[in-house]
Amino acid sequence: MAGLTPMMQQYLEIHEQVKDAILFFRLGDFYEMFFDDAITASRELEITLTGKDCGLEERAPMCGVPYHASENYIAKLIEKGYKVAICEQVEDPKQAKGLVKREIVRVISPGTVNDGKLLQGKNNNFLMSIYYNMTDFGIGIVDVSTGEFRTSQVIRAKNPKEKLLDEIAKYKPSEMIVNTVLFKDKWLMENIEKRFDSYVNILQNKYFNLESSKDIIKEQFSVYSMTGLGIEADEYSIRASGALLTYLQETQMRALSHIDKLQRYVVDEYMAMDLSTRRNLELTENMRTNDKKGSLLEVLDKTQTSMGGRKLKDWIHQPIIDVENINYRLDAVGAILEDVSLQLKLEKDLKNIYDLERLISKISFGNCNGRDFLSLKNSLSMIPSLKETLSSLDSDYLQKLNTQLDTLEDIRDLIEKSIHPEPPISVKEGNIIRSGYNEEVDYYREINVSGKDFILNLENAEKEKTGIKSLKIKFNKVFGYYIEVTKTNLDLVPENYIRKQTLANAERYYTEELKDIESKILNAEEKVIDLEYDIFQEIRNIVLESVQRVKKSAEIISIVDVLFSFAKVSYENNYVKPIVYSGDEILIYEGRHPVVENMMDKKDFVPNSVSLDCNDNRMLLITGPNMAGKSTFIRQVAIITLMAQIGCYVPAEKAKIGVVDRIFTRVGASDDLALGQSTFMVEMSEVSNILKNATHNSLIILDEIGRGTSTFDGLSIAWSVAEYIHDKEIIGGKALFATHYHELTQLEALLEGVKNYCIKVQENQDGVIFLRKIIPGSADQSYGIEVAKLAGLPEQVITRAREILMGLESSEDAKVPPRKTKEPQHPKAEVNLFNYQDKQIIEDLKALPIEDMSPIEVMNYVYNLRKKIN
Ligand code: ADP
């Protein structure tokens, strides 16, 4: 580093500590970046790249952003996947001898953002740590912005790698820290990198050391041993959590007192779903644009608070399998649903509660102001009314929550008493403490006010004494208080005036008396600002002692909010309470797809029933043309099951749901080019995952397997997969299998428990009408050409396709007949054989749902028809 200026040396030394981050180096009012950081930042932030003399021959590339506007720039960089280290001047530049001392005060990465633009109210921001040893793994998950901390471990799983990917899929962390064993596992790393958008840090083994992990966990959660947290036997959880805390300590460099509760959970106590199932069912985001629109979450989200919004997302991703707990939730939803006026009151109570979790984490982080305290106070003020509403609701669960709901009146009163009702944004400008809270503050404020009165009195007295009518006492930041006399009156200026400044047409003076008053006022002003800041910190500390209580109340409010949301959506959309039990049946009478139904006029959605169990109705084979509604139907069964298991009412007339341990889907075919796999390869890996992991308690949804290859290949694979899933010795789970291979319907006769269903379609001379109704039996045709016609293929292509199909179907050696048709035939010619009324009658007859009509209805119809003809 020879030749470098001392400041550049300091810069490079500091940068050594955070090699993978962009260093924001504080220089006066700016954060400056140099060298490669400057090149990257100027490109990403679109700011000008300049240069700075660094002592070397070439100038160092440099760019900078003003410190007060840095938040936006930092957010942009984080969003683009960079880490940012903030380096501050840690001594007063005026008092520094030589180079100002600088230190990194915080490293911000995607998983540790705590404020500002990157946090969306209803989304969590997870940072996940993984300890992996090739057979087992432990995980730690934290959301720094809410203080939530969870841990779990999985030992001796059949397929640990897939299980690990499932857990990552549940949280979709924005950042991960992993140990070197995981890093060396090529398959896992590849899958993590390709499937998730997380920033991945590889940490050395020392971070995951068992003993030091225990130490840091004890310190963070204030316990004497791991037993206090219930994780004494969970070595891998401890290692993962320890690494996570060490990483936080190193990057955040401050006490994170809001992370004060470690929540241990058992992976197998929740319904398992892999990433593709979560995506295919469009649980929290749609498959096309990955946003909430068109997802189950969008339909179910009537939550009134951000905390509730996050909790709902969490529940959707973690359906439970404990029947009692599910029913607990369902009963609570029922109680809210029953009483519309209480439902409205609950909505009002919840609406006025701010994001308590993020507020308390902001307060704990230290970047809070008086307004945050007021938001906290206002939110706490709603709790008594909420408690009252809850106490009227007839549900054990809600009563239990209500008993645990702390009104936190002491905190509310403290803030009410101490914080100014209209505090400024900054905490260093004063006016943050309420009058009457602290005597000293009041005393100095008094001086400030009375000092200003003194000045006024003095001005009047001086005018009188000197006879200068235009004499004024003024104030500015540089010169303080002064007496201003215009040039025309200079001869009247008395002896005791001391000259301070000369202007073009006036002179400025001071007197001993003025100086006295001035120092009193200025001292008082400075004093009160410092004092108010100190008191504010004291209040903050008192509030912080109750972090756990605030968080507990926040958690309860978030649960109440989700239950409320379930009730509201069930009320609005006519959902019913499912019977949830531990048996193996899934019976849904007139079920609907909640999202598809929502996107159309509700009355146009055709409901369908299903009966599944582990015996006679184990595998339903659904045939029907494209666009008939097969996918919608099989997904709706999975979604209704999931909705029941999160404790929500379901879109059906009646439902009985035996809980399932896993839902698997293999839906649709899309090239996952990002994963470097063809459609067929993606399809086969998903099927393989299902076959390896499904149990007889699972619900398996298969949509068109074997499509990505030749007919016979595909059919053979589909057939043998069906046999494998059906076999009780191997899987024997409940399965819905939509297929366009009609040959598969032969399975009904061959395997007990396989049932054929098809979707009713009606033909008329113009093509097909989809009736969307599932009926027993198999579709006799695939109607591909009719669907192609509906999609708008040219008439000539359709006619020729019909010709070819007939040739293929009729001749024994299945030949494509030579091309006959040159001109498209005008279909109107055929229709013209009939007059308009004839045509209408024929159409009506064709569309007549005879199967659904009683004999008397048919007779009536024919009677009316005859009347019409006559
Ligand atoms: P398939 O899987 O048979 O090709 P889809 O399930 O994708 O068909 O359904 C095609 C479209 O039909 C859906 O996008 C939806 O608009 C409509 N649809 C499906 N099921 C129903 C239903 N039960 N009632 C009304 N419309 C439906």
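The values are calculated or read from the model by the stated rules, or taken from the named source; none is laboratory data. None of the values given here were measured: they were computed from a predicted structure. Cβ coordinates were reconstructed from backbone atoms using ideal geometry, including for glycine residues, and neighbour counts include every protein chain displayed. To get the accessible areas, we keep the full protein, side chains included, count just its heavy atoms, and leave off ligands, DNA and RNA. Shrake-Rupley method; radii C 1.70, N 1.55, O 1.52, S 1.80 Å.
General observations
- All aspartates and glutamates inside 15 Å of Lys348 as judged from Cα atoms, apart from same-chain residues fewer than 8 positions distant: Asp339, Glu388, Asp561
- Pairwise centroid distance, computed over Cα atoms, of the range 768-808 with the range 112-190, Å: 48 Å
- Within the chain, helix-based [θ] at 222 nm, where runs of 4 or more DSSP H residues each add -39,500 (n - 2.57), nearest 500: -14000 deg cm²/dmol
- Cα-based shape type of the range 210-251, given that a ≥ b ≥ c are square roots of the gyration tensor eigenvalues and the cut on a/c is 1.5: oblate
- Pairs exceeding 22 Å between alpha-carbon atoms, taken from Lys603/Lys654; Lys76/Lys186; Lys80/Lys428; Lys214/Lys551: Lys76/Lys186; Lys80/Lys428; Lys214/Lys551.
- Of all DSSP beta bridges confined to the chain, the antiparallel ones make up roughly 60%.
- Annotation: the antiparallel percentage among DSSP beta bridges lying fully within the range 579-781 is about 40.
- Under 19 Å of direct C-alpha separation, and excluding same-chain neighbours fewer than eight residues apart, Lys101 reaches these aspartates and glutamates: Glu13, Glu16, Asp29, Glu32, Glu88, Glu91, Asp92.
- Glu269 contributes about 110 Å² of solvent-accessible surface, heavy atoms of the protein only, 1.4 Å probe.
- Within the chain: Cβ-based charge dipole about Cα centre, in debye rounded to nearest 20 (Lys, Arg +1; Asp, Glu -1): 1260 debye
- In the range 6-108, the DSSP beta bridges split such that about 75 percent are antiparallel, to the nearest 5.
- Farthest towards the positive end of the charge dipole of the range 579-781, among the residues Val687, Ile646, His726, is the Cα of Ile646, using unit charges on the Cβ of Lys, Arg, Asp and Glu.
- Cα gyration tensor shape of the range 560-607, rounded if a/c is under 1.5, else prolate or oblate by comparing a/b with b/c: oblate
- Of the residues Ile559, Ile769, ranked by 1.4 Å probe accessible area with the largest first, the sequence reads Ile769, Ile559.
- For the chain, the longest principal axis of the alpha carbon atoms and the long axis of helix 370-381 meet at an angle near 50°.
- Rounded tilt (10° steps) of 35-45 against the dominant C-alpha axis of the chain: 60 degrees
- Listed residues Ile483, Ile785 arranged by accessible area, highest first, probe 1.4 Å: Ile785, Ile483
- Accessible surface of Phe126 - all protein chains present, 1.4 Å probe, nearest 10 Å²: 20 Å²
- Only the Cβ atoms of Lys and Arg (+1) and of Asp and Glu (-1) were treated as charged; on that basis the dipole of the range 331-421 about its Cα centre amounts to roughly 500 debye.
- Computed on protein heavy atoms with a 1.4 Å probe, the accessible areas place Ser546, Ser470 in the order Ser470, Ser546, largest first.
- Gyration tensor (alpha-carbon) shape descriptor, the range 579-781, a/c threshold 1.5: rounded
- Pairwise Cα distances in the chain exceed 46 Å for 45 percent of all pairs.
- Solvent exposure of Met600, expressed as accessible area, is near 80 Å², computed with a probe of 1.4 Å over the protein chains only.
- Reducing the range 295-310 and the range 384-414 to their Cα centroids gives an inter-centroid distance of 22 Å.
- Helix 6-16 vs. the chain, principal-axis angle (Cα, 0 to 90°, nearest 10): 30 degrees
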